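Below is one structure, written out as structure tokens; the observations come after it.
The values are calculated or read from the model by the stated rules, or taken from the named source; none is laboratory data. Keep in mind it's a predicted model, so treat the numbers as computed, not measured. Quick reminder, even Gly has a Cβ in these numbers, built from the backbone with ideal geometry, and neighbours come from all protein chains shown.
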Amino acid sequence: MSAVDLVTSGAGRRRIGPSLTTRIVIYGLLLLFAVIYLVPLAVMLLTSLKPLDEVTGGNMFALPRHFTVEPWARAWDEARIGVSDTRGISGYFFNSVKMVVPAVLISTLLGALNGYVLTKWTFPGHKLVFGMMLFACFIPFQSVIIPMAVILGMLGRLGTNLADLTGWSFGLGNSTVNLVVVHVIYGLGFTTLFFRNYYATFPSELIKAAMMDGASFFQIFRRILLPNSTPIFIVTVIYQFTNIWNDFLFGSTFAAGDSAPMTVALNNLVNTSTGVVEYNTNMAAAIIAAAPTLFVYVIAGRYFVRGLMAGAVKG
Amino acid sequence: MATLEISALRKRFGTIEVLKDIDIALEKGGFLVLVGPSGCGKSTLLNTIAGLEPISSGEIRIGDQVVNHLHPSKRDIAMVFQSYALYPNMSVAENIGFGMEMRGVAKPDREKAIASVAKTLQIEHLLDRRPSQLSGGQRQRVAMGRALVRRPSIFLFDEPLSNLDAKLRVDMRLEIKRLHQATGATIVYVTHDQMEAMTLATKIAVLKNGELQQVGSPDEVYNRPANIFVADFMGSPAMNFLRGAITRTDGKRHIALASKDALPMMIPIPASADATRLNEGDQVILGIRPEAVNDGESVDRNARSVVRFSANVDIIEPAGSDTFVVLKIGGKEVTARMRADADVRVGQSNTFALNLDKAVLFDPTTTCRI
């Protein structure tokens, strides 16, 4: 037993912490808010597992008497989306995946590159440039829709011309590509902000050491900076994934019909006015629509808090 | 021929001149220590040699090549950083080999070089570890390994010991000295610690506010400081400074030390001073190191010029190996370094001796040594 143990052990030590009443209040409140948060999800889950007659006739909170996954199957590949389409939401789900993956990766990598330049290769006026990039964080997206539509239209015409010349439009004019472009542009403000703040605390001596070791601009980025950016990388990916996956405004504006993303399809499914409202199918579709973001949070959530803290302490 | 030659170097940040007309030359195998208080420009000077900071004017030569506009990696130098700057995502071996990898050295050659450096520094058992799994001293060794493996013509050290605890610092200091003796490397070393400067250097450059105060061997800088700043900065406890004026008594010129008492203490002009430059009535500042102030018995027997006097002891600071005694001469506090077992008591009068062989004179207006 060391001298320190001798001093601190024994009867004189009392447990420090809130009293019993305080604890009951704290846990009671936490429980209350957890319930408030979870009730809608529980209702959705229960409803999606009931046959339709049970939904319309029974209690919202009742457990399913005839357990069924049929509404899930229906939502996935039979539900009526819009007027003519009865192939379910599966196609739109993959539309979203095709849009979200490149948009998240490109905006995150560009944000990392911006953060690297804005902190380690500063140039005169870098603060002004960063300030202007932050506009993308604060600008209301409704205000950019029309100018964006004009620009996308120009890109589309360029794509047509390129297709005439080379036989390939380089993806310009394709609505998924359009959405990727829009999300990358409006995601850059946040991703740059995240990485800039993270790299501001990154020791510059490492960059100098790598320079003396003969590493080039991109070698330093790839070999030194990126491998040490895991927490902020995960934060940015979660943030971007959630935002882009859940986006409705750009999706409904710039992608129509078969190429619409999941959120738009869900809206169309729920708003279908022909026949009976299939609440169970709608609920299943809504859960499917929310699942990827939930999945990302569960997988990477523990990094999320850590990464936010890492960026928050300094910079 | 000098390995490193800095001539008329100037560095400006905007309108602020942080390095003013620096001239230093370092021969091959030399150990140059740049020392000065924080903000004196010593780290900036090192960064300009490394190429991490551009210079405003002047010239830096390494070997026979002007390197002003060369990229840091092309200057044939290696640097050990204050924070060691080890890449956290790489193992020790990868850290040491990164520079070679960037220069496209083949893997077998790289491994051979890493192994030989690891052997020199006794870090062979650490090669697979990450920097986060190493202690401060081990990180220091790895940082030196990363520099050594390049076999550069100059090593740059930027306050490499300042992050270590006191004991480890002394160990690593010895280690660096041993490394220098064993490899004959040319080293430029930045520190704010005058003790490190004295023990390591073959040549010390003292800087203040971006101006070079003195360049010389440790002995020169310590015993013949160019000005009051250098005298005060080097040595701990600091040199004692006493004001006085040149007077003539008994046909000989003396220094009358300023005093609040009626009778000023008269002492001969130290041999180190250029007496021809002194006139009667000139104001001077006498600088004398604590070890040259002693009790009557233990004063250096070979000293040619000794002044004895008695004074009251104000404060005693036993330091184990020595005892520091604070006394007053003419109302001004003076620190004496005495034997550990010196027989002194606070408040008692004692006989002290000034060894004037070790004393220097300064001009109070220019602060330069006379």
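Filter segment A:191-207 down to the residues that are outside any helix (DSSP H, G or I) and either within 7 Å of chain B (Cβ to nearest Cβ) or among the hydroxyl-bearing types (S, T, Y) (or both), then identify the one that is surrounded by the fewest Cβ atoms within 10 Å (Cβ to Cβ).
A:T201
Look through B:D282, B:D274, B:D250 and report the one residue that is touching a strand residue (DSSP E or B) at 6+ places or on another chain (Cβ under 7 Å) and of a type outside the set (G, A, S).
Details: B:D274 fails: touching a strand residue (DSSP E or B) at 6+ places or on another chain (Cβ under 7 Å); B:D250 fails: touching a strand residue (DSSP E or B) at 6+ places or on another chain (Cβ under 7 Å).
Going through B:D282, B:D274, B:D250 in turn, the sole match is B:D282.
What is the residue count in segment A:213-225 for residues that are more than 9 Å from chain B (Cβ to nearest Cβ) and either not aromatic (F, W, Y) or not in a helix (DSSP H, G or I) (or both)?
Pass one, segment A:213-225, residues more than 9 Å from chain B (Cβ to nearest Cβ): A:217-218, A:220-222, A:225.
After this cut, where a residue has to be either not aromatic (F, W, Y) or not in a helix (DSSP H, G or I) (or both) as well, the list is A:220, A:222, A:225.
Matching residues across segment A:213-225 total 3.
Count of segment B:86-102 residues, restricted to those that are more than 15 Å from B:A115 (Cβ to Cβ) and over 34 Å from the mean Cα position of the chain (by Cα), is 4.
Hey, which of the strands (runs of 3 or more DSSP E) in segment B:307-370, taking only ones fully inside, have at least 1 residues that are at pLDDT 90 or above and in contact with a Pro (Cβ under 8 Å, 6 or more places away or on another chain)? Explain how you work it out, then say what you get.
Values: elements: B:322-329, B:332-339, B:349-355, B:360-362.
By residue number, B:322-329, B:332-339, B:360-362.
Counting only residues that are without any contact (Cβ under 8 Å) to a residue 40 or more places away in the chain and of a type in the set (A, V, I, L, M, F, W, C), segment B:301-324 holds 4 of them.
Output yes when any residue across segment A:240-261 is within 13 Å of another protein chain (Cβ to nearest Cβ), surrounded by 18 or more Cβ atoms within 10 Å (Cβ to Cβ) and within 20 Å of A:A112 (Cα to Cα), and no when none is.
No, because not a single residue in segment A:240-261 is within 13 Å of another protein chain (Cβ to nearest Cβ), surrounded by 18 or more Cβ atoms within 10 Å (Cβ to Cβ) and within 20 Å of A:A112 (Cα to Cα).
Flag set for B:G39, criterion: part of a loop (DSSP other than H, G, I, E, B) and either within 27 Å of A:I207 (Cα to Cα) or within 14 Å of chain A (Cβ to nearest Cβ) (or both). Scanning segment B:20-43 for any residue that is under 20 Å from the mean Cα position of the chain (by Cα) and closer than 22 Å to A:A210 by Cβ turns up at least one such residue. Pairs linking a residue in segment A:43-59 that is in a helix (DSSP H, G or I) to a residue that is surrounded by fewer than 16 Cβ atoms within 10 Å (Cβ to Cβ) and aromatic (F, W, Y), with Cβ atoms under 8 Å and 6 or more positions apart or on different chains, are A:V43/A:F61; A:L46/A:F61.
Test A:A210 against the stated conditions and say whether it is without any contact (Cβ under 8 Å) to a residue 12 or more places away in the chain and either outside any helix (DSSP H, G or I) or hydrophobic (A, V, I, L, M, F, W, C) (or both). Answer is no for this residue.
Scanning for something within 14 Å of B:A93 (Cα to Cα), out of contact with any helix residue (DSSP H, G or I) (no Cβ under 7 Å at 6 or more places or on another chain) and within 14 Å of another protein chain (Cβ to nearest Cβ), does segment B:146-167 turn up at least one residue?
In the first step, residues of segment B:146-167 are kept if they are within 14 Å of B:A93 (Cα to Cα); the result is B:146-150.
Those left that are additionally out of contact with any helix residue (DSSP H, G or I) (no Cβ under 7 Å at 6 or more places or on another chain): B:147.
Remaining after also requiring within 14 Å of another protein chain (Cβ to nearest Cβ): B:147.
Yes, the conditions are met somewhere in segment B:146-167.
Can you name the condition, by its number, that B:P88 falls short on among (1) outside any loop (DSSP other than H, G, I, E, B); (2) within 10 Å of chain A (Cβ to nearest Cβ); (3) of a type outside the set (S, T, N, Q); (4) more than 30 Å from B:S217 (Cα to Cα)? With (1) outside any loop (DSSP other than H, G, I, E, B); (2) within 10 Å of chain A (Cβ to nearest Cβ); (3) of a type outside the set (S, T, N, Q); (4) more than 30 Å from B:S217 (Cα to Cα) applied to B:P88, the lone miss is (1). If you go through segment B:50-66 and keep only what is in contact with a strand residue (DSSP E or B) (Cβ under 6 Å, 6 or more places away or on another chain) and within 13 Å of chain A (Cβ to nearest Cβ), you end up with just B:A50.
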